[in-house]
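Let me begin by presenting the structure, written as structure tokens, before commenting on it.
The values are calculated or read from the model by the stated rules, or taken from the named source; none is laboratory data. Bear in mind that the values here come from a model prediction, so they are computed numbers and not experimental data. In this analysis, Cβ positions are derived from the backbone assuming ideal geometry, glycine residues included, and neighbour counts consider all displayed protein chains.
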Amino acid sequence: MELVITLPAPDIRLILFGPQDRHLRLIRDALGVKIVARDADLKLSGEPDQVTKAAVLIEQLQQLIREHGHLREEDVERCMIQLGRPPSESPSGELEVFRRDMRIISRTDGQAKYVEAVLSHDLTFCVGPAGTGKTYLAVALALSLLKRGKLKRIVLARPAVEAGEKLGFLPGDMQAKVNPYLRPLFDAMNDMMDIDQIKRMIANDVVEVSPLAFMRGRTLNSAAIILDEAQNTTVMQMLMFLTRMGHHSKMIVTGDDSQIDLDRPDKSGLNDAVRRLGSNPKVAVVRLDRRDIVRHELVAHIVDAYRGVDART
């Protein structure tokens with residue numbers, strides 16, 4: 001596998017490489033990858049898992065340089081040790097993401113069960129009302145697994161169904177058209193890493209955003225695959241999405257079955273999939289409720305007040 005990383009300004013490259021490329025040699029020897037530097041590009045080649053680890057490590061080291069203005073050999077060695085530690089070893093069940101000053105922790109028993117379900121199952125459905133952290137924790141888990149080198153990439157998908165209003169024609173390319181629907185996923189990601197990191201990962205295809213309809217015919221290996229707002233998928237869309245799962249992947253499906261925006265709410269692909277697959281021991285189904293709401297305290301009261309009301313009315 002080969003991966004090309006475009007590095008920022010020359011001064012950061014100089015610090016990253018170290019005296020006489022000492023830091024690059026440490027990474028090369030520890031991970032068994034070939035590293036070739038040419039102008040602003042750094043080409044990594046070797047076994048796919050090791051190349052992915054090297055890319056994640058280089059991203060972490062760049063973040064250290066931006067924060068502190070320098071990089072020591074012990075910093076490189078410490079980051080390599082952390083890279084090889086599985087997510088479950090984080091203290092107190094914390095999820096380590098790309099922002100060094102941030103650790104994501106479960107704030108309710110339901111959230112803790114959700115995190116454990118994702119770590120121990122390849123396919124997890126999380127169903128619950130607004131504000132329970134379904135999307136936020138899915139992104140945190142995906143980034144944590146990526147940072148640890150357990151997965152190679154993240155794929156974010158969401159059905160393009162308007163919540164009771166027609167958006168009309170959206171100008172721009174596919175990315176511009178789908179961004180409004182994927183905004184909640186990006187909001188969560190923006191909390192956990194710098195915008196420059198997100199741009200680089202998208203440019204290098206480590207993070208991919210895709211309309212649900214464009215996933216047909218694909219097989220996604222070694223990826224965290226997140227489907228958000230899954231209550232607005234049809235049965236056939238859900239079938240198509242679930243069958244994209246490849247080897248060594250984790251699939252997280254989130255949705256709120258009280259906010260279905262389909263013309264036929266009784267035909268929601270989320271509810272259908274939970275009914276069909278919920279009894280399979282290899283599939284986790286986590287149901288969150290108002291006790292797991294972690295947004296403003298009024299959100300729980302709002303959810304109660306509107307319970308049983310068709311969201312389209």
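Tallying residues that are among the polar types (S, T, N, Q), under 21 Å from Val51 (Cα atoms) and out of contact with any Lys or Arg (no Cβ under 8 Å at 6 or more places or on another chain) within region 193-220 yields 2.
Taking first residues from region 12-34 that are buried (at least 17 other Cβ atoms within 10 Å of the Cβ) and partners that are among the aromatic types (Phe, Trp, Tyr), the Cβ contacts under 9 Å between residues at least 6 apart in sequence or on separate chains come to His23/Phe17; Leu24/Phe17.
Tell me whether region 214-222 contains one or more residues that are outside any strand (DSSP E or B), within 19 Å of the chain's Cα centre (by Cα) and more than 26 Å from Gly149 (Cβ to Cβ). Within region 214-222 (the criterion being outside any strand (DSSP E or B), within 19 Å of the chain's Cα centre (by Cα) and more than 26 Å from Gly149 (Cβ to Cβ)), the answer is yes, since at least one residue qualifies.
Counting only strands (runs of 3 or more DSSP E) wholly contained in region 1-89, the ones carrying 2 or more residues that are at pLDDT 80 or above and touching an Asp or Glu at 6+ places or on another chain (Cβ under 8 Å) occupy 2-6, 41-45.
If you scan region 127-146, which residues turn out to be touching a residue at least 60 places away in the same chain (Cβ under 8 Å) and under 15 Å from the mean Cα position of the chain (by Cα)? Talk me through it step by step, then tell me what you get.
Kept after step one, since they are touching a residue at least 60 places away in the same chain (Cβ under 8 Å), are these residues of region 127-146: 127-135, 138-139, 141-142, 145-146.
The answer is Gly133, Lys134, Thr135, Ala138, Val139, Leu141, Ala142, Leu145, Leu146.
Applying the condition of being surrounded by 22 or more Cβ atoms within 10 Å (Cβ to Cβ) and of a type outside the set (A, V, I, L, M) to region 203-230 and asking which residue is nearest to Met189 (Cα to Cα) yields Asp228. Count of region 248-276 residues, restricted to those that are more than 23 Å from the chain's Cα centre (by Cα) and over 17 Å from Ala130 (Cα atoms), is 10.
I'm trying to understand the selection: among the residues of region 103-127, which are part of a strand (DSSP E or B) and out of contact with any helix residue (DSSP H, G or I) (no Cβ under 7 Å at 6 or more places or on another chain)?
Here is the first cut: in region 103-127, the residues part of a strand (DSSP E or B) are 103-104, 123-127.
Hits for region 103-127 are Arg103, Leu123.
Filter region 100-111 for residues that are surrounded by fewer than 16 Cβ atoms within 10 Å (Cβ to Cβ) and among the aliphatic types (A, V, I, L, M); which is modelled with the lowest pLDDT? The selected residue is Met102.
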